[in-house]
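What follows is a short report on a single structure.
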Amino acid sequence: MNTLFAIATGIMFGMGIFQILRRDLIKAAMGFYILFAAVNLLFLSVGAYDGLIAPYVDAAGQTSAQPSDPLVQALILTAIVISFGSYALLLGLIAVTSRRFRTVDSDEVDHLKG
Amino acid sequence: MDNAILLGPIFIPLAGASLGVMLARNRTYQHALALVASVLAWLCSIVILAANLNGEILTYQLGGWAPPFGIVLVADQLTSVFALMATTVMLGGVLYALGCRDKSVSSPMFMPLFLCMGVGLNGSLYTGDIFTLFVFIELMVISSVILVAISDNRLGLEAAIKYLFISGVGSLFLLTGIAALYATFGTLNMADIGRLLASGERPLLAQAAAVMLMCAFLLKSGVFPFHFWQPDFHTTAPTPVHSVLSSVVVKAGIYSIIRMITLMFTDEAPLIQNILVVLGIIGIFFGSLAALRTYDAKRILAYSTFAQVGFILVGIGWGSPLALAAAIVYAFNHSLIKAALLMITGYIASRTAAKTSRLSEIGGAGKTLPLAGLLYFVGGLALAGVPPLNGFISKLTLVQGGIGVGQWVALGLVVGAGTLTLLYMTRTWQLIFQVQPAEPVKMKSYGDSALAPALLIVMCVVLGLYASPLIDLAMRAVEQIGDPTLYIRAVLGG
């Protein structure tokens, strides 16, 4: 695993966790997306462990010496679509919340008590 | 290997959902289509169950790509039992939704989303590929979040945001676990991971992956340290959605846990199982005591799910073949009972003026509804485990499993907590059907249909009287998962 990717993943994970714990729902939603991006980057770097060159086949049908793993790139494409969908849904729900409860402060949206 | 029938429970509801979106203007056709799709999915799951009664494990390679490279659908007996349970309750949910008068149910997107939830559920059971498992679980989560957000209960929105945040972080753990497994073994096929783990090498990263997967699955099932979203999210859901969420959706996590400890992490299984017993017992007590102190009929049942999942986890944790079979029987029976009870609660709530299930509003409301009273009484007794109903059978097998293992402290706690179930069900029944309200409750003459809960309660009684086929099935399923090489050989060939 690439050192740069490892450090970037760690920083993004920390940022995401910090943001997701904030009271402002919009900032929390952004933290949610940063967290997903961190995990996607982690997944990508998992495939780059034995090479950082794009996995293309040249005209003679030969691959370059150490191509990175193409499967994880297909996988994170799916993961990005899912995370983007969840993020869009989350922002939509927050928009409705701000209209219905007139606030996006998660401490004031606490009507669920049983 | 041409078992295209395995596509049925996943792709028939998916087709129903897609066509349902196109038919959004014509509600009648859309609902008829949803009913047809869920009946077909149910029939497919029965055919699959019948096909592997002789112990054969069915596999289907999507797109003809051989595993471990392609995605493969697998049905062994464990999958078939869980899938039969899932499609049965989904069919019940669709039947209930057809006769439901909630505003959210008449929304044009309700039925497509409801079917999508079923697709996610069935897909997460049948898939043999761990990344596809993640995709199906996310499909289930996102559809259920939207269904709860459009609920008639205004607080559904708040619960949906809460759940989306928590479940999103849970999914991140699942994804990180999958990345760790891929980094270690270079494969995503569960059978292949199981084969590589069994062949000896056991890097530290794989154990970290086990922890992350475990956390994610426990979160999806609403087990003790990750349970706090569950009562809110389930209570505010529309009744048909609640009856599916509280009964079968939480079992998807249970199924994945069973698959994980029997197929992949067999060496770590004893440690995981010890943790599951502890978490299960905490869940049983927490859920039962919380249900006793709650003043909303739907919320009581949501807390009860939390407690009943605890019983199932204890069964898995004991780990002997009988105890595991008991956990499977318990999961099956609990799904039917809990779905039926929730539908009856919705049946009563839909007839009150405020359309709420708070006990202060519906207290005594049941006096004018003798049919609901009878069904709720039978269902409540079944949940509490009174013979001759199916809840008794599941508790009996669980206790036999516990005696076989000889964990007397855990067994004592489980049996003691079983009486708490009787306590809170009796309390709820009395408060709805027995108590004399201070002023007469105004009841509407129309409301939701009682067809689906009646059918489910009939199934509960039948499964109580003829219990041996289900127990036989569970025993054979446990025998099959007891030897992971069978599964691995069926998937990978050779």
Using every pair of alpha-carbon atoms in chain B, split the distances into 10 Å bins beginning at 0 and state the percent of pairs per bin, rounded to integers. 4, 21, 33, 27, 12, 3, 0, 0
Pick out, from B:331, B:455, B:51, the residue whose Cα sits farthest towards the positive end of the charge dipole of the protein assembly as shown, with +1 on the Cβ of Lys and Arg and -1 on the Cβ of Asp and Glu. B:455
Projecting the Cα atoms of B:189, B:107, B:254 onto the charge dipole of region B:101-257, where Lys and Arg contribute +1 and Asp and Glu -1 at Cβ, the residue farthest towards the positive end is B:107
Per residue of chain B, what 222 nm ellipticity follows from adding -39500 (n - 2.57) for every DSSP H run with n ≥ 4, rounded to the nearest 500? -23500 deg cm²/dmol
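Based on the Cα atoms of region B:418-494, what semi-axes does the equivalent ellipsoid have, where each is the square root of 5 times one gyration tensor eigenvalue, given in whole Å with the largest first?
Details: eigenvalues 412, 60, 34 Å².
Each semi-axis is √(5λ); the values are 45, 17, 13 Å.
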Need one value for B:159-170: mean number of C-beta atoms belonging to other chains within 10 Å of its residues' C-beta atoms. 5
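Given C-alpha coordinates of region B:1-116, what is the ratio Rg to Rh with the Kirkwood estimate of Rh?
Numbers: Rg = 15.8 Å, Rh = 15.1 Å.
That ratio equals 1.05.
Could you tell me which helices of chain B pass both thresholds, a Cα extent of 27 Å or more along their own axis and a mean Kyte-Doolittle hydropathy of at least -0.5, with helices taken as whole DSSP H runs?
On the way: long enough: B:27-51 (36 Å, 1.53); B:77-98 (31 Å, 1.60); B:130-149 (28 Å, 2.62); B:156-185 (42 Å, 1.44); B:269-292 (34 Å, 2.10); B:297-318 (32 Å, 1.08); B:321-349 (42 Å, 1.50); B:408-429 (32 Å, 1.16).
In chain B, the long hydrophobic H runs are B:27-51, B:77-98, B:130-149, B:156-185, B:269-292, B:297-318, B:321-349, B:408-429.
What is the sum of charges, Lys and Arg at +1 and Asp and Glu at -1, for the other residues whose Cβ falls under 15 Å from the Cβ of residue A:25? Please list the in-between numbers first.
Numbers: positive: A:22, A:23, A:27, A:99, A:100, A:102, B:162; negative: A:24, A:105, A:107, A:108, A:110, B:158.
So the environment of residue A:25 carries a net charge of +1.
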Under a no-solvent Debye model with one identical scatterer per Cα of region B:337-448, what's log10 I(q)/I(0) at q = 0.12, 0.15 Å⁻¹? -0.49, -0.68
To the nearest whole number, what is the average tally of beta carbon atoms from other chains within 10 Å of the beta carbons of peptide B:131-142? 3
Cβ crowding within 10 Å averaged over residues, with B:13-23, A:77-87 ranked highest first: B:13-23, A:77-87
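What does the convex hull of the Cα atoms come to per residue for region B:48-187, in Å³?
Values: hull volume 16.6 nm³, N = 140.
Dividing the Cα hull volume of region B:48-187 by its residues yields 119 Å³.
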For region B:205-336, restrict the atom set to alpha-carbon positions and state the Rg and Dmax in Å. 14.3, 46
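Compute, for the protein assembly as shown, the length of the dipole vector about the Cα centre, with Cβ point charges of +1 (Lys, Arg) and -1 (Asp, Glu) only. Units Debye, rounded to 20.
Values: 32 positive and 28 negative charges, 427 e Å.
Result for the protein assembly as shown is approximately 2060 debye, rounded to the nearest 20.
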Burial ranking of peptide ranges B:273-279, A:3-9, B:241-247 (average Cβ count within 10 Å, highest at the top): B:241-247, B:273-279, A:3-9
From the alpha carbon gyration tensor of region B:272-335, can you work out the equivalent ellipsoid semi-axes (sqrt of 5 times each eigenvalue) and give them in Å, largest to smallest? 23, 13, 6
With point charges of +1 on the Cβ of Lys and Arg and -1 on the Cβ of Asp and Glu, referenced to the Cα centre of the protein assembly as shown, which listed residue (B:174, B:63, B:429) lies farthest in the positive direction of the dipole? B:429
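Regarding the protein assembly as shown, what whole-number volume in Å³ per residue does the convex hull of its Cα atoms give? Write out the running numbers ahead of the final one.
Working: hull volume 93.5 nm³, N = 608.
So the per-residue hull volume is 154 Å³.
By the scheme Lys and Arg +1, Asp and Glu -1, what is the net charge of all other residues having a beta-carbon under 12 Å from that of residue B:171? Mind dumping the intermediate values first?
Values: positive: B:220; negative: B:138.
Once positives and negatives cancel, what remains is 0.
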So what is the relative contact order for region B:243-340, in percent, with contacts set as C-alpha pairs under 8 Å and at least six apart? 35 percent
Prolate/oblate/rounded call for region B:452-493, Cα gyration tensor, a/c under 1.5 rounded: prolate
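Roughly how big is region B:4-492's charge dipole about its Cα centre, with Cβ charges of +1 (Lys, Arg) and -1 (Asp, Glu), in debye to the nearest 20? Intermediate results must be reported in sequence, preceding the final value.
On the way: 25 positive and 19 negative charges, 277 e Å.
It works out to roughly 1340 debye.
Laboratory data are not the source of any read-out in this text; all were calculated from the coordinates shown. None of the values given here were measured: they were computed from a predicted structure. Don't worry about glycine lacking a Cβ; one is built from the backbone with ideal geometry, like all the others, and counts go over all protein chains shown.
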